[in-house]
Amino acid sequence: MKKTNSVIILVLGMVLIHSCQRDNTFLITETSVGPLTQTTKVSELESTFANDSVVGDEAQINLGISPKKIEVYEKGGKHLLSLKANSDSIPTIENIMVMDPRYVSEKGVGLQSTFKDIQSKYDIKKIVTTLNSIVIFPKQSNLYFTIDKEELPENLRFSTSDIEAVQIPDDAKIKYLMLGWE
């Protein structure tokens, strides 16, 4: 009887531990995006995304050159990530554009988030104004977020001057979520 109780407790403990483990398939951290890590080599992308399709410049691949731009799609065709490789002798990924809203940062911010979500989860280091968008750089993070100027009040949409955080509506949606590794 004692042995049976010990086995039941052991099995229940294993089930509890397994159920508490976080699914990292679509998790963005400072050093990873899903299964992709900061040290993943371009040559390892096919095995890293074994269940998905990795697409690069076929001409470069045929010449044995690692493509500079790479896209990752689910087998069903959904665009997951756009990757930019560095030009090191053993190329790794230097920049990632997240295309799928299932990817979210450790702090819960993703493509379905708003400026209010960014502001409540991250301290903002700077906001850069471009012709068609604003780019938000959080402090102590490799992430950055782009918001289309169409999300801003009309008087700011065509402005080229600096835009402050207080001028951005809380409900402004994120257009692009990117991660840059050096």
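The values are calculated or read from the model by the stated rules, or taken from the named source; none is laboratory data. Keep in mind it's a predicted model, so treat the numbers as computed, not measured. Note: ideal-geometry Cβ built from the backbone for every residue, glycine included; neighbour counts use all protein chains shown.
For I124, all conditions in the list (1) touching a residue at least 40 places away in the same chain (Cβ under 8 Å); (2) under 21 Å from L83 (Cα atoms) hold save one; what is the number of the exception?
I124 satisfies every listed condition except (2).
For the structure I just gave you, tell me whether I118 is modelled with pLDDT of 95 or more and over 24 Å from G56 (Cβ atoms).
When the stated conditions are applied, I118 passes them.
Out of all the residues in segment 139-148, which are touching a strand residue (DSSP E or B) at 6+ places or on another chain (Cβ under 6 Å) and surrounded by 12 or more Cβ atoms within 10 Å (Cβ to Cβ)? Lay out the reasoning, then the answer.
In the first step, residues of segment 139-148 are kept if they are touching a strand residue (DSSP E or B) at 6+ places or on another chain (Cβ under 6 Å); the result is 139, 142-148.
Within segment 139-148, N142, L143, Y144, F145, T146, I147, D148 qualify.
Looking at (1) within 14 Å of K175 (Cβ to Cβ); (2) of a type in the set (D, E, K, R); (3) out of contact with any Lys or Arg (no Cβ under 6 Å at 6 or more places or on another chain), which is the one condition that is false for E154?
(1)
For residues that are modelled with pLDDT under 60 and closer than 30 Å to S89 by Cα, scanning just segment 1-60, find the one that is farthest from the chain's Cα centre (by Cα).
Once the filter is applied, the top-ranked residue is A59.
Taking the condition buried (at least 17 other Cβ atoms within 10 Å of the Cβ) and of a type in the set (D, E, K, R), does K173 pass?
no
Please list, ordered by residue number, the helices (runs of 4 or more DSSP H) wholly in segment 41-150 having 3 or more residues that are within 30 Å of Q167 (Cα to Cα).
In segment 41-150, the matching helices (runs of 4 or more DSSP H) lie at 115-121.
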